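Accompanying notes for the structure given below.
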Protein chains: 4
Amino acid sequence: MTVRAAVAGASGYAGGELLRLLLGHPEVEIGAVTGHSNAGQRLGTLQPHLGPLADRELAPTTPEVLAGHDVVFLALPHGQSAAVAEGLGPDVLVVDCGADFRLADAADWTAFYGSPHAGTWPYGLPELPGGRAALAGTKRIAVPGCYPTAVSLALFPAYAAGLAEPEAVIVAASGTSGAGKALKPHLLGSEVIGSMSPYGVGGGHRHTPEMIQNLSAAAGERVGVSFTPTLAPMSRGILATCSAKARPGVDAAAVRGAYVKALAGEPFVRLLPEGQWPATAAVQGCNAVQVQVALDAAAGRIIAISAIDNLTKGTAGGAVQSMNIALGLPEELGLSTIGVAP
Amino acid sequence: MTVRAAVAGASGYAGGELLRLLLGHPEVEIGAVTGHSNAGQRLGTLQPHLGPLADRELAPTTPEVLAGHDVVFLALPHGQSAAVAEGLGPDVLVVDCGADFRLADAADWTAFYGSPHAGTWPYGLPELPGGRAALAGTKRIAVPGCYPTAVSLALFPAYAAGLAEPEAVIVAASGTSGAGKALKPHLLGSEVIGSMSPYGVGGGHRHTPEMIQNLSAAAGERVGVSFTPTLAPMSRGILATCSAKARPGVDAAAVRGAYVKALAGEPFVRLLPEGQWPATAAVQGCNAVQVQVALDAAAGRIIAISAIDNLTKGTAGGAVQSMNIALGLPEELGLSTIGVAP
Amino acid sequence: MTVRAAVAGASGYAGGELLRLLLGHPEVEIGAVTGHSNAGQRLGTLQPHLGPLADRELAPTTPEVLAGHDVVFLALPHGQSAAVAEGLGPDVLVVDCGADFRLADAADWTAFYGSPHAGTWPYGLPELPGGRAALAGTKRIAVPGCYPTAVSLALFPAYAAGLAEPEAVIVAASGTSGAGKALKPHLLGSEVIGSMSPYGVGGGHRHTPEMIQNLSAAAGERVGVSFTPTLAPMSRGILATCSAKARPGVDAAAVRGAYVKALAGEPFVRLLPEGQWPATAAVQGCNAVQVQVALDAAAGRIIAISAIDNLTKGTAGGAVQSMNIALGLPEELGLSTIGVAP
Amino acid sequence: MTVRAAVAGASGYAGGELLRLLLGHPEVEIGAVTGHSNAGQRLGTLQPHLGPLADRELAPTTPEVLAGHDVVFLALPHGQSAAVAEGLGPDVLVVDCGADFRLADAADWTAFYGSPHAGTWPYGLPELPGGRAALAGTKRIAVPGCYPTAVSLALFPAYAAGLAEPEAVIVAASGTSGAGKALKPHLLGSEVIGSMSPYGVGGGHRHTPEMIQNLSAAAGERVGVSFTPTLAPMSRGILATCSAKARPGVDAAAVRGAYVKALAGEPFVRLLPEGQWPATAAVQGCNAVQVQVALDAAAGRIIAISAIDNLTKGTAGGAVQSMNIALGLPEELGLSTIGVAP
C-alpha cells in the first residue's frame, strides 16, 4: 500500500516535523505541501533541514490543492481545521494536529477557546484505555496536545488502577518549539536562552481541559488538574512532573505494579528501571516516551514523570502513529524509539 | 568600617560568587582565599571572570590562613564546616554556605545526611518572620540552601496568613551551577544542553527538611512538602513552582493581599504586578527575588512562583545580605537588584 | 558632580544595558527614558531585570523630553541619531550608540548604509592610539560597533608594531542580543538554540569598513579585512578570532612583546597569561576584554583572539567609559571588570 | 546481505552514534558492543536514548568478543586501534573512528601524537577526488576527523579547480560532544553554556595535518593551514568558516561553477542556493553537509562555509557511509539527509 499524504501548514514547526517523519515512512508518498502567507516559497528556505524537499514550493491551502490524497494532515492555527476538513470528503483520512476536535465537551471548548465547538473526533492517543479501538478504521483523528500527551501517559496508569486521589498537580517544562514560529518578543533567542519562566498560570492553559478529560476517563470519575507550564531554554522536549495524593493503603509495590501492567507491551512508552529518571534529550527527535514513577511516602504522593519530544510524540509522531492504526498499517511504521542524543 | 573577609573554598562556584560580590562591597577587603586540592593555583585560571584577583594564589584551608579576619565565609563540602569554624574563635563572624548548621532537628539531619548533627546556627533568610532579629549581632550564620530560599520566599506569605493547607507541592528547575563543579557525567555540557531531567525524586532531596522547617515555622503547624527538583539547560537560576490547596473561603483578593503585606518593604523581593510572571533571566547575577501568586479557582490551589539566581540570592548574595545584618551594616550594601539580562 | 543622563531608545537591548550600567554609576542620575512604539509602557514589563526602574514609563523620543540633561545616550536605529542630536544643543554630551557617526569616509558610509553621511564624531574606543585624547572634553561621541570593538582591540597591537601584513582574516561569533530585539524568524529561540550559522558573508557586514578604518589607522597603511560574523547559541558575548600573516622575521617574542606593551596599563583590557585563552563567559556583564595572541609558526600567521560582552564593552559599557573620559570623570567609574560566571 | 557488526567503545559519544545509526540500517545486525571501564553496565544507563538496546550489557573489548563479525567499528582512544585490529584478521572489515590510521606521513603523526605511526588505511571521505575508488572492497577504513571532514568538503572544490592560493585560514565552531565524554572541568555544562572559547590555537590541534593532507591532495601542491577550533554552547554540530586568497583573475562565476561541478551528484553534500548559508541545526542528527561559497571581491578571498553534525557525518555517519561503499552496498543505506530541527 502506498499512501499519498498532504500536509497543510507545512511552514511551521508541526508541519516541518510531519514532513520529516513522512519522508522516512516506507508506505507514504508526500503529495501537496501547503502554506498560507508562505505560499509560493520553497521549503529549502522555510525548512532547511528537509534536504530532499528543498525544491518543493508551498502551494496555497485550498480544497483543490488538497484533493486527491489518501491522508491530509492539518497543522493549522486553531479554528481553521473544520472548514478545511469539510472540503475533503468522508473517504479521506484527515489528521488534525490542531485543537479543534480534541474536546468532547462543547462548554469546555467555548470556555477555553472562545468560539463555537467544531465537534469531536477520535482521539489520537492509542496508549489510553480503548485508544486503539477508537482509531481503527477511522477517517478523522484529533491529535492530542503536546502537554496532554506527556501528562496523560504519566498519570493514566495511576488513575486506571484507582491508586490516586482525583486531584493532580502538574508542572511541565517545554522547549520553545511548542510555542510555534510566531514572532513574539518572549520567544526570541535572547529572551529564552538562560531563562526559565512560567506562563498560563492558574488554570488558564488551553491544554488543561484535555488533561482533565483524559485522566477522568481513566479514573472513572472527574479528576481535577492544576497545571503550570514553563518555558525552558531548549528547542524541543517536554518534561512533565505530575503528582497526586496516594489513596490510603497504597504502597510502592502497588504503584510500580500498576505502571508495569498499564505500560506493558507499549511500543513507544518505556517505564524506566527503578532509580532511573526520564530526560528529554533521550527522546529527542523520536516517538519514544520515558516514564518513571515513585511513591513519596513522607508526603503521601505518587510522583509520575514523563519525557517526550513535543514535536514528535507530542505532535507529528503521534499523528503518524494514529494514522498507521487508522489505515491498518503496523503501528510503528516510519517511527523510531531512538533519540538523537547527546 | 572596613571588614576583612576570608573565603574558604574559593575555587568552586559558591566561592567564586562570594568573591565576585565581595569585590564590589564597599566595606569589605578580601583577605585569605583558600582551597583544598587547588591550593597553590591562581584564581586567574580557576575563576577567569574575577579579573582583579587573577594573580591571587589559593592558600590551603588551615586555621592559620583563616586567622585574623573579621568574617570567614565557608563554601565547603557538607560536614567540613564545624571543624573549620571551631578553629576560628567566637569573635569571628562565620558565614557557612554549606548545609551543616541549617537544620534545627538533629534527627532530620541524620536522616538526610547520614552523619552526626553539628548544631544549629541563626538562619540567613532575613525575609522570614523574625529573620532579621535572629541575625542581628550574631557571629554564626547558616546560609540557606538555594531551593529552600526560592521556595520559602514563594510560600511563606500564604502560610503565615493561614491561607493554605499544610501540604505543599513544589517542582523547581535549577541551572547546572547549583550542582557545583564536581566532575560528574550527567553535568557535562553535552548531557545538559537541550535536556530537562529530574533528580532526587520522591522526597530524597536534602533540601526537603529545610523547606518543611521554614514553612512549618511560618504556618505554626507542620507543613508537608513534596519536592521535585529538575535540572535545566542553563548555568544559573532557579524557578520554583509551588502550590498548596487553598483553605475554604480563601479568594483571590485574600491571596493577593497576604502577599502584598508580607513582602512590603522587602529590599530584595519584588511581588510582580498581576499578570506578570517571574523569569530567571531577570534576576541573573543579582540578589533580587521575583515572586508572583495566583489562585487557581477551578483546582482550588494557590500557585506561588519565585525566581532567583541560585548563586546570588540562593547562596553568596544571601550570605552577604545576612553578613550585613549581623555586622550592623545597611542590609543592601554591596548587593544589587538589577539582573544581567538578556 | 552629578550628571543627569537621558536614554533614548530604552526598550531595546542597548538601551536596557545603558540603564543597567547607569543605575550603578555613582555620579549619574537617570533622567528621561524614551521609546518610540513602546512609549507609554512601563520598564517593568519591557526590561524586567531593571527592578529599581520598574515603575518608570517610557516617554516619547522628542526634543522636549530629552532637553535639560547633561548627557543623552542615543540607542536608536541607524539614520535617526543626527536629527535627534541636532535638537540637543552643543553643550549637551551626546553619546550615539548607533552607527551614524562612526565612519570618517562618506563614501564608505554610503556604500554600506545607502544613505547620505551624517558626519564623523570622536570615536569611543579609548584604547586605540590617540583614543583618549580625542574624547577628552568632547560633546559628541560615536560609540564603536560591537564587532569592531572586539576586533580592533585584538589586532591593533600587531599593526601598531608593524608585525603583520595588511590583510586580516576575522571570524567572530556573537550572541543573539547583538541582533537586537527585532522580531525576525531566524532570531527565535527555537532557531538559535543548538545552531551556529554565518551571516553577512563575503564582505557585506556593515562593521567591515569600521574595522578597516581602525586597523589602518594603527598600521599607518590600508589594512584589508575579510570579516565573517556568525550567530552563536548564547545571548551575550563576542569571540573574535583574528589573524594576519606575520611579516618576515617576526618571532613569538616580538609578538608577545608588542601586545604586552600596547595593552599595558589598560584598565579594561587584559592580555591573558600565555597558554590561557579568552572565553566570553568570563567577561559576561562587565566591561572587561580578554585578549590572547600566538604566532602559528608553521602557518606563518599571528592569531589574536578577544572576548567581550557585546552589550557591555561592545556597546553600553564602552559608551559609559567614553562618557567618563569626556566629562573628566575617572575612566573606570561605574564599570566593572568582573564577569558574571559561570 | 545481512552484515553483523560490532562496536568497540560503545559507551562514548561516537560509539553511541554508531549504534544509533546501525539500529536503523536495514542490512546490519548489531553484534557485540564493548567497553572498557564500563564493561558490565547496561546501555540503558549509559546511552538512555537507545531504547531498543536498553538491556544490552557492555562486554569487554577483547579479541574473543569481537570475533565472528563482518564489520568491527572501533571508537577507541587514539593509539589503541592497531592492537585491536591486528587481532581481527584480514577478512573482517575494520572501521576505525580514531585517528591512528588517517595520516599518510609518519613524521606528521609523531609530531602531533608523540607515538610511533601505526600505518595508513584507506581514508573514509568518499566525496574527495578518488575517494570512492579507495574504499571499494577495502577491509580497513580510517574514518576522518570531524573538523577535517567539514573543512575538506568546504575547500576541496576551490583547490581542485586551482582557484585558491595554497594558504587556508580556518575557524571552526564545534559542539561539545566533539570533545567526548571525558570528565574535564571546561566541559561542564556550567562552563560551556553561554560561552564561546578557542582551544588548540596556533597550529596545535591534531586535526591540522589531516586538513593539510586532504587539501594538498586536491590542490596538487602543499596547502598550508591555519586552524583555530572553538567550543560552542551546543551539543552537536560543526560550522567551519574557511577562506583562502583567490588566485588572480578568479571571479565569482568561476568559484560558483567549480563548486557546482565538484559537488554535483553527491548524495550527502548540498551546495546551497546563492544567498543561503549553512546552519548546524539543519544537519543535526543526519549525514548531510551544507556548503556555501562566496567571493569577497574587496578582500580578494574565497569564503567557503560548511555545516555538519560532528557525530554523524563527522564520525559515525561517515563511518557507515564508507562501510556501505566497502561492502558494495548502496552508499546511502541507513543514512539520512534530513536534519532534526528546530
In the stretch B:262-282, anything closer than 17 Å to B:PRO126 by Cβ and more than 7 Å from every other protein chain (Cβ to nearest Cβ) is listed as B:ALA262, B:LEU263, B:ALA264, B:GLY265, B:GLU266, B:PRO267, B:PHE268, B:VAL269, B:LEU271
Would you point out which residue out of A:VAL169, A:VAL255, A:VAL192 is of a type in the set (A, V, I, L, M) and within 14 Å of chain C (Cβ to nearest Cβ)? A:VAL192
Could you say whether any residue in the stretch C:122-136 is assigned to a strand (DSSP E or B) and either in contact with a Pro (Cβ under 7 Å, 6 or more places away or on another chain) or within 14 Å of chain D (Cβ to nearest Cβ) (or both)? yes
What number goes with the only condition from (1) away from every other protein chain (no Cβ under 12 Å); (2) touching a strand residue (DSSP E or B) at 6+ places or on another chain (Cβ under 6 Å) that A:GLY318 does not pass? (2)
Pairing a residue in the stretch D:313-342 that is over 25 Å from D:GLY180 (Cβ atoms) with any residue that is β-branched (Val, Ile, Thr) and surrounded by fewer than 24 Cβ atoms within 10 Å (Cβ to Cβ), where Cβ atoms lie under 7 Å and the two sit 6 or more apart in sequence or on different chains, gives D:ALA326/D:THR138; D:LEU327/D:VAL3; D:GLU331/D:ILE325
Looking at the stretch C:236-252 only, could you name the residues that are charged (D, E, K, R) and either within 9 Å of chain D (Cβ to nearest Cβ) or touching a Lys or Arg at 6+ places or on another chain (Cβ under 6 Å) (or both)? C:ARG236, C:LYS245
Taking the stretch B:28-38 and keeping only residues that are away from chain C (no Cβ under 14 Å) and surrounded by 17 or more Cβ atoms within 10 Å (Cβ to Cβ), one is left with B:GLY31, B:ALA32, B:VAL33, B:THR34, B:GLY35, B:ASN38
Taking the residues in the stretch A:236-247 that are more than 18 Å from the chain's Cα centre (by Cα) and either assigned to a strand (DSSP E or B) or of a type in the set (Gly, Ala, Ser) (or both) as candidates, determine which candidate is surrounded by the most Cβ atoms within 10 Å (Cβ to Cβ). A:SER243
Scanning for something under 30 Å from B:LEU187 (Cα atoms) and either more than 9 Å from every other protein chain (Cβ to nearest Cβ) or surrounded by fewer than 23 Cβ atoms within 10 Å (Cβ to Cβ) (or both), does the stretch D:223-235 turn up at least one residue? yes
Restricting attention to the stretch C:141-156, does a residue exist that is assigned to a helix (DSSP H, G or I), under 20 Å from C:ASP108 (Cα atoms) and of a type in the set (Phe, Trp, Tyr)? yes
Filter result (over 21 Å from D:ASN287 (Cβ atoms), of a type in the set (Asp, Glu) and assigned to a loop (DSSP other than H, G, I, E, B)) within the stretch A:283-342: A:GLU331, A:GLU332
For the stretch C:287-307, does any single residue satisfy the condition of being polar (S, T, N, Q), at pLDDT 95 or above and within 28 Å of D:ILE302 (Cα to Cα)? yes
Between a first residue in the stretch C:250-265 that is touching a residue at least 40 places away in the same chain (Cβ under 8 Å) and a second residue that is of a type in the set (Val, Ile, Thr), which pairs have beta carbons less than 8 Å apart while being 6 or more apart in sequence or on different chains? C:VAL250/C:ILE302; C:VAL255/C:VAL293; C:VAL255/C:ILE302; C:TYR259/C:VAL291; C:TYR259/C:VAL293; C:LEU263/C:VAL269; C:LEU263/C:VAL291
One residue from B:SER197, B:SER177 being within 9 Å of another protein chain (Cβ to nearest Cβ), free of Cβ contacts under 8 Å to residues at least 60 places away in the same chain and polar (S, T, N, Q): B:SER197
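Does the stretch B:40-96 hold any residues that are part of a loop (DSSP other than H, G, I, E, B) and out of contact with any Leu (no Cβ under 9 Å at 6 or more places or on another chain), and which are they? Spell out the reasoning first.
Pass one, the stretch B:40-96, residues part of a loop (DSSP other than H, G, I, E, B): B:40-41, B:47-49, B:54-56, B:58, B:61-62, B:67-70, B:75-80, B:87-92.
Across the stretch B:40-96, the qualifying residues are B:HIS49, B:THR62, B:GLY68, B:LEU76, B:PRO77, B:HIS78, B:GLY79, B:GLY89, B:PRO90, B:ASP91.
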Residue selected from the stretch A:53-71 under the condition within 14 Å of another protein chain (Cβ to nearest Cβ) and among the hydrophobic types (A, V, I, L, M, F, W, C), by the criterion surrounded by the most Cβ atoms within 10 Å (Cβ to Cβ): A:LEU53
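Considering only residues of the stretch B:165-213 that are in a helix (DSSP H, G or I) and of a type in the set (Gly, Ala, Ser), which is surrounded by the most Cβ atoms within 10 Å (Cβ to Cβ)?
Within the stretch B:165-213, the subset in a helix (DSSP H, G or I) is B:176-179, B:185-187, B:189-192, B:208-213.
Those still in the list that are of a type in the set (Gly, Ala, Ser) too: B:177-179, B:189-190.
Details: B:SER177: 30, B:GLY178: 25, B:ALA179: 20, B:GLY189: 28, B:SER190: 26.
Result: B:SER177.
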How about the stretch C:123-142: which of its residues are within 14 Å of the chain's Cα centre (by Cα) and farther than 17 Å from C:VAL269 by Cβ? C:ILE141, C:ALA142
Whichever residue in the stretch D:89-110 is under 13 Å from D:GLN213 (Cβ atoms) and not charged (D, E, K, R) and, among such residues, is nearest to the chain's Cα centre (by Cα): D:ALA99
Given C:LEU46, C:LEU50, C:LEU74, C:LEU88, which one is surrounded by 16 or more Cβ atoms within 10 Å (Cβ to Cβ) and over 25 Å from C:SER177 (Cα atoms)? C:LEU88
How many of the residues in the stretch C:41-50 are in contact with a strand residue (DSSP E or B) (Cβ under 6 Å, 6 or more places away or on another chain) and either more than 13 Å from C:GLY15 (Cβ to Cβ) or among the acidic types (Asp, Glu) (or both)? 1
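The values are calculated or read from the model by the stated rules, or taken from the named source; none is laboratory data. Only a predicted model underlies this, so the values are computations on that prediction, with no experimental measurement involved. With ideal geometry, Cβ positions are generated from the backbone for all residues, glycine too; neighbour counts draw on all protein chains shown.
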